[in-house]
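Nothing in this text is a laboratory measurement; each read-out follows from the coordinates by a stated rule. The model shown is predicted, which means the values in this text are computed figures rather than measured ones. Here the Cβ is made from the backbone with ideal geometry for all residues, glycine too, and neighbour counts use every protein chain on show.
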């Protein structure tokens, strides 16, 4: 038994003492404690009171090694606001308000500038990566999505396809797990599914009657591509899309709903209704939860399998502005990061919903995008033209009870 | 307690000798044998009875008249002791013993002279409980043998009780019964006035100053004493002078006691007392019952975004019909186009002067913004949003064919030159004087502009597709503040300083004249349903008109502390907002019901702060997002703020 007034540091000392007794060459480790899957953040007795845990029974306290703070690594300067970021093991791809997408190495070296859009680039995505060439996508406010091929060795970039069809700014794109299709969500309330496989043929575009074909050709960059399918159902702009499954698309919209679509048939499978505009949505296959950021201070967690469609599992509240982007950890089922208009990126653990694990307050202006790579790199870009990288050692070892 | 005396105390119960025998009876020779009968029976007879021998006893002769009687009374010394024997009728002279006896009896004394009623009493038995009984008689057998007769009686009773022939006695009800004498009395009758009894006013309880030894602060100083003495007795606050005494014993009699009692009595019976019927209303009840603001969600509550970039007052705002773009005009001679959701300035359009008003074309298929700059209205294609749309808009404007004959029109329509065209300006409508407001008709072809002029050329209506302007009014009805098109019907609202005139555009006549009750109207907005109008005024009032109801305001809201600059309605949500010089935006819930009998429900729900007061100006324009419950406000501090 431990004293009721003890806090995490006291408990941590206790565990360390016990471990040191058993193992002579034990080093001091900071621990965090979980009671019924909730992090202990206050003295034990207060926590027990808050959670209504019976004091008559034995309370099991689980201890895990404390997550280390993310270490800042790089700060990459851009020429304009950063609208989107996606990183792989080797490269970072960012979309920028100066109408370009940029490729950076992890060390922060500028490798390539992908220019071709006539408007702000709103979202970027990697499609395929080889040692020789990579395929990447950029969506822009000029209503097109461009599919680029980047030759790594020659460091040349070439627009393969120009995906036309949206009648508004394309705000979000997502590539499916087979890397052959992608989906785009636009301000024109539509979701469109496209093929991501480069071909040599040009899709037939229905002629705009009053526009000479020649002019259209000359304007174009790459071969025109038309959508495989169009999913309509939202009544307001679509702000975020993702593939939650091989055949399932999830989209968040300004009409206060998150819709789950069947990518094959194009039907709405279920609708989750909130009461605020959704800015961003993220899905974790590990815990099978959706996290949404909306135009209030809360990050809400949803169960996409729930049938009634309006069930908020949990809301994480600590931001003071709109939550512009959320991203689940690809390796840890409980952790996610969020960026907000209050200039702060927060690292959350769903087991501690009252307070985030860490606040990353480096940005001087609105945070617009965040990303989390499998290698444990946290990225955030914002309206201060800076992309911050953090190394986050996701240690989840030494779990005892 | 002392032991009860075994024998009754016999001290006072001395047996007296019987005192009944009349001393005269045995002495008298009993001759009359009639017995104890009323002697009146013999009144009419000469005899009075019979003697022992049966002979009549004759009444003695009584022939004395009154005079004789009197003389005898005067002369006979034994007259006072002579009585008549009723039985025989003879006069008997009482002896001295007999007279003495009569005297004693009259005094209530015993007849016997020698009887002493106060002899010392002799107890037969002592009152003390002795160890030996008085008698040695053994106790009766029956005292310890149960009685057979009683047993029989008891068994009979028990049997009767068992059989239910005898009911146990009902317990006696001890509670006293009362009767309400006035239960049936009519309270309105004369007797009912007792119910209206007004108790006499109570006298003030004595305070510290009335104490014989008051605290020093209650004692009067010399000046106060002087002032007290000089005051009229009726005007004095205290009708006595507080005084200090060493102890209660030293306090003298109060000289005004009788006087004061008398005055009190006068007060009590001369002062008419009647019940004043005071209206007893809980002030809470007077406040109208309004729903709680949190039940009226959604409405904007917090500041979400700040659109920074302007360097001077931002006078006007307009939002694209899709809600993606925001345009703001400022005193720094620029018009800026913003992306709503990120506060990104997408475009900056420098113009030649201060921008007084901007208006985005409400038609979603046309991408055109009207901007008031000095003496002209610029029609600008911002080239934002759908490429097809803004391309089509340009084509629409280019497809204009000038009419054959030149029509005389008050304004000049000029196509923008190349330099202006590259910036987005497509058409310029040149006015004679400075333009202060521009507003579109809902269809997006017509727009109206207001010129700050005092003539009849204040309001102009323009048609974009025909590049044609007209002046609808022949004469000026006052300084026009702002104009507005009805969203559905062909009505046109013109707000002058104190009135709002409603014109029917089809019939070309004045339909209504609304009295605003304000000194100077600053702004006006119309409910999307078209039946309600709000007017903001520079004397910090907001008037809500129900056009079906009356030409006077349905409600006048005075929430702002300073002049109102702008008012706005939301397109879908039941919300309206007002921006004021005090730097706040007040959002109100304004529910309009389809039921004509139900009046609109107006509830202020939120005060939004954020703008910094600059040059004594706060919020200059407010505007709702077309689809979300968000409100934009532009301020004198050069920022545009979005509240969500």
query: At what distance in nm do the modelled label points of residue B:421 and residue B:404 sit from each other, each positioned 7 Å from its Cα along Cα→Cβ?
result: 2.8 nm
query: To the nearest 10 degrees, how steep is helix B:148-163 against the longest Cα principal axis of chain B, on a 0 to 90 scale?
result: 30 degrees
message: Considering all projection directions equally, how large on average is the shadow of the alpha-carbon convex hull of the stretch B:38-84, in square nanometres?
response: 4.6 nm²
- line: Quick note, the stretch B:328-440: a/c under 1.5 would make it rounded; otherwise a/b > b/c is prolate and the rest oblate (a ≥ b ≥ c, C-alpha gyration tensor); here it is oblate
log₁₀ of I(q)/I(0) at q = 0.05, 0.06, 0.08 Å⁻¹ - chain B, Debye sum with one point per alpha carbon: -0.59, -0.66, -0.84
- prompt: Any idea how far apart residue A:267 and residue B:519 come out in nm if each label point goes 7 Å out from Cα toward Cβ?
  reply: 6.7 nm
message: Sequence gap at least 6, Cα distance under 8 Å: using those rules, report the relative contact order of the stretch B:304-432 to the nearest whole percent.
response: 18 percent
- request: Would you kindly state how much longer the chain becomes between residue A:275 and residue A:5 on full extension, computed as 0.36 nm times their sequence separation minus their alpha carbon distance, in nm to one decimal?
  value: 93.2 nm
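Work out the mean other chain Cβ neighbour count within 10 Å for the residues of B:111-118 and drop it here as an integer. Display every interim value, and only then the final one.
Working: counts 0, 0, 0, 0, 0, 0, 0, 0.
Across B:111-118, the average partner-chain Cβ count within 10 Å equals 0.
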- prompt: For the stretch A:8-65, what does the alpha-carbon gyration tensor say about shape, rounded, prolate or oblate, given a ≥ b ≥ c as the root eigenvalues, a/c under 1.5 as rounded, and a/b over b/c as prolate?
  reply: prolate
message: Using Cα-Cα distances under 8 Å and only pairs 6 or more residues apart, what relative contact order does the stretch B:528-620 have, in percent?
response: 21 percent
query: If you build the Cα gyration tensor of the protein assembly as shown and take the root of 5 times each eigenvalue, what three semi-axes come out, in whole angstrom, biggest first?
result: 115, 50, 31
query: Taking only C-alpha pairs under 8 Å that are 6+ residues apart, what is the relative contact order of chain B in percent?
result: 8 percent
- prompt: Based on the Cβ-Cβ distance from residue B:50 to residue B:115, what FRET efficiency comes out when R0 is 41 Å, to the nearest 0.05?
  reply: 0.60
field: Degrees between helix B:257-270 axis and first principal axis of chain B (Cα, 0 to 90, nearest 10)
entry: 70 degrees
field: Mean ellipticity per residue at 222 nm, deg cm²/dmol - from DSSP H runs of n ≥ 4 across the protein assembly as shown, formula -39500 (n - 2.57)
entry: -3000 deg cm²/dmol
task: Taking chain B as the reference, fit the longest principal axis to its C-alpha atoms, fit the long axis of helix B:66-75 to the helix C-alpha atoms, and give the angle between the two in degrees, 0 to 90, nearest 10.
output: 70 degrees
message: Let me check I have the definition right: for the stretch B:194-315, take the eigenvalues of the Cα gyration tensor, multiply each by 5, take square roots. What are those semi-axes in whole Å, largest first?
response: 61, 29, 16
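Starting with the fewest neighbours, write out B:558, A:164 ranked by other beta-carbon atoms found within 10 Å of each beta-carbon.
B:558, A:164
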- line: Under the 7 Å Cα-to-Cβ spin-label approximation, residue A:73 and residue A:303 lie apart by a distance in nanometres of 3.6 nm
task: Measure of size requested: the Rg and Dmax of chain A, with Cα atoms as the atom set and Å as the unit; please supply both.
output: 23.2, 85
